[in-house]
Amino acid sequence: MTDQRDTLYSDPLAEHGLFAFDDSVARVFPDMIKRSVPGYPTIIAMTGLLAGRYAIEGSSLYDLGCSLGASTLAMRQNIRQPDCRLVSVDNSAAMLERCQSIIDTDTHDTPVQLKLADLQDVSIENASVVVLNFTLQFIPRELRDTVLARIYRGLLPGGIMVLSEKVTFEDPHLDALNVELHHQFKRANGYSDLEVARKRSALENVLIPETLNQHRQRIASVGFSSCDVWFQCFNFASLIALK
Ligand code: GEK
């Protein structure tokens, strides 16, 4: 099945408010995220490999901010350990409804529980793998420490957190370069200058990126014994943190 093309910001006369994960976004989401996030398919596939390696028998694996369940499916297809379960959380009903129908077409064994909830309200327990692929960036900054501390507490010893984020750079020149390269990536994927500019302003104050150092410091401060970047392309990066 081909993904429906994202043309949400292509009409020059349309008025747009702040970006929201509503039905219009959920409908075009696979196309939108592939054409907007450099390295997205790699991050999803490798999330699956990491889950296969770190899943512990009898444990839970969490996909927080699961959208249509891309990471959930990648993990499900790679889990070999018995008695695991996946818990996938999103607070967008439009996303979760579509996610359910996608999961229903997958035949792998590990049970998947979908939860329509704010990830901050979901208890994390007996976890071997917790994935936040491009989700923490939508949580207000002052609440991010608490989110990571709860994840750390819910992880079993030997468990991991995978954190993928859009990032900023301390050096203003590097920051400007990476923003420009990202926009070039989007234009190469068929977005017009107008679409790039409109999406950027819709995400202003909705998606709040931080530097890799800020992420590293927070991850260390909640107790993770080690963490590093395992993937980066321009201003998109993924970190692995070990308990
Ligand atoms: C993927 N991980 O395909 N609680 C629960 N869900 C939330 C919250 C919250 N507080 N805030 C935002 N979301 C996915 C992509 S998209 C990234 C993740 C993007 C959800 C929101 O509804 C959306 O579905 C998801 O987090 C972020 O790998 O669009 O840039």
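Take the residues in segment 38-67 that are buried (at least 22 other Cβ atoms within 10 Å of the Cβ) and within 9 Å of the ligand (Cβ to nearest atom); name whichever of them is nearest to PHE236 (Cα to Cα).
The qualifying residue nearest to PHE236 (Cα to Cα) is ILE43.
Please tell me if ASP109 is more than 14 Å from the ligand (Cβ to nearest atom) and either open to solvent by 10 Å² or more (accessible area, probe 1.4 Å) or modelled with pLDDT under 95 (or both). So that I can check it myself, show each step before the final result.
Numbers: more than 14 Å from the ligand (Cβ to nearest atom): yes; either open to solvent by 10 Å² or more (accessible area, probe 1.4 Å) or modelled with pLDDT under 95 (or both): yes.
Yes, satisfied.
Count, please, the residues in segment 119-148 that happen to be in contact (Cβ under 8 Å) with a residue 40 or more places away in the chain and farther than 19 Å from PRO209 by Cα.
Here the count works out to 8.
Using beta carbons and a limit of 6 Å, which pairs, at least six apart or on different chains, have the first residue in segment 57-84 and farther than 22 Å from LEU96 by Cβ and the second one within 16 Å of the ligand (Cβ to nearest atom)?
Final answer for the pair search is ASN78/GLY48; ASN78/ALA51.
Tell me which residues, restricted to segment 152-196, are of a type in the set (A, V, I, L, M) and under 22 Å from the mean Cα position of the chain (by Cα).
Taking segment 152-196 as the starting set, the residues that turn out to be of a type in the set (A, V, I, L, M) are 155-156, 160-163, 167, 174, 176-177, 179, 181, 188, 194, 196.
Residues satisfying the conditions are LEU155, LEU156, ILE160, MET161, VAL162, LEU163, VAL167, VAL179, LEU181, VAL196.
Among the residues of segment 79-91, count how many are more than 18 Å from the chain's Cα centre (by Cα) and part of a loop (DSSP other than H, G, I, E, B). Full working, then the answer.
Going residue by residue through segment 79-91, those that are more than 18 Å from the chain's Cα centre (by Cα) are 79-85.
Subset that is part of a loop (DSSP other than H, G, I, E, B): 79-84.
Of the residues in segment 79-91, 6 are more than 18 Å from the chain's Cα centre (by Cα) and part of a loop (DSSP other than H, G, I, E, B).
Are there any pairs with C-beta distances below 7 angstrom linking a residue in segment 215-243 that is in contact (Cβ under 8 Å) with a residue 60 or more places away in the chain and farther than 20 Å from LEU50 by Cα to a residue that is open to solvent by less than 10 Å² (accessible area, probe 1.4 Å) and basic (Lys, Arg), with the two at least 6 apart or on different chains, and if so which?
ARG218/ARG144
Answer with yes or no whether GLU125 is outside any strand (DSSP E or B), exposed (fewer than 12 other Cβ atoms within 10 Å of the Cβ) and of a type in the set (D, E, K, R).
Values: outside any strand (DSSP E or B): yes; exposed (fewer than 12 other Cβ atoms within 10 Å of the Cβ): no; of a type in the set (D, E, K, R): yes.
Criteria not met by GLU125.
Output the number of residues of segment 68-78 satisfying the condition of being within 7 Å of the ligand (Cβ to nearest atom) and part of a loop (DSSP other than H, G, I, E, B). Full working, then the answer.
If we filter segment 68-78 for residues that are within 7 Å of the ligand (Cβ to nearest atom), which is where we start, we get 68, 70-71.
Add one more test, that the residue is part of a loop (DSSP other than H, G, I, E, B), and what stays is 68.
Total satisfying the criteria: 1.
Provide a single number: the residues in segment 160-178 that are over 15 Å from ARG35 (Cα atoms) and open to solvent by 30 Å² or more (accessible area, probe 1.4 Å). First the steps, then the outcome.
Just the residues of segment 160-178 that are over 15 Å from ARG35 (Cα atoms), to begin with: 160-165, 167-178.
After this cut, where a residue has to be open to solvent by 30 Å² or more (accessible area, probe 1.4 Å) as well, the list is 168-177.
Of the residues in that region, 10 qualify.
The values are calculated or read from the model by the stated rules, or taken from the named source; none is laboratory data. All figures in this text were calculated on a predicted structure; none of them were measured in a lab. Positions of Cβ are generated from backbone atoms using ideal geometry, with glycine treated the same way; all protein chains shown enter the neighbour counts. Keep in mind that these areas ignore ligands, DNA and RNA; they rest on the heavy atoms of the full protein, side chains included. Shrake-Rupley method; radii C 1.70, N 1.55, O 1.52, S 1.80 Å.
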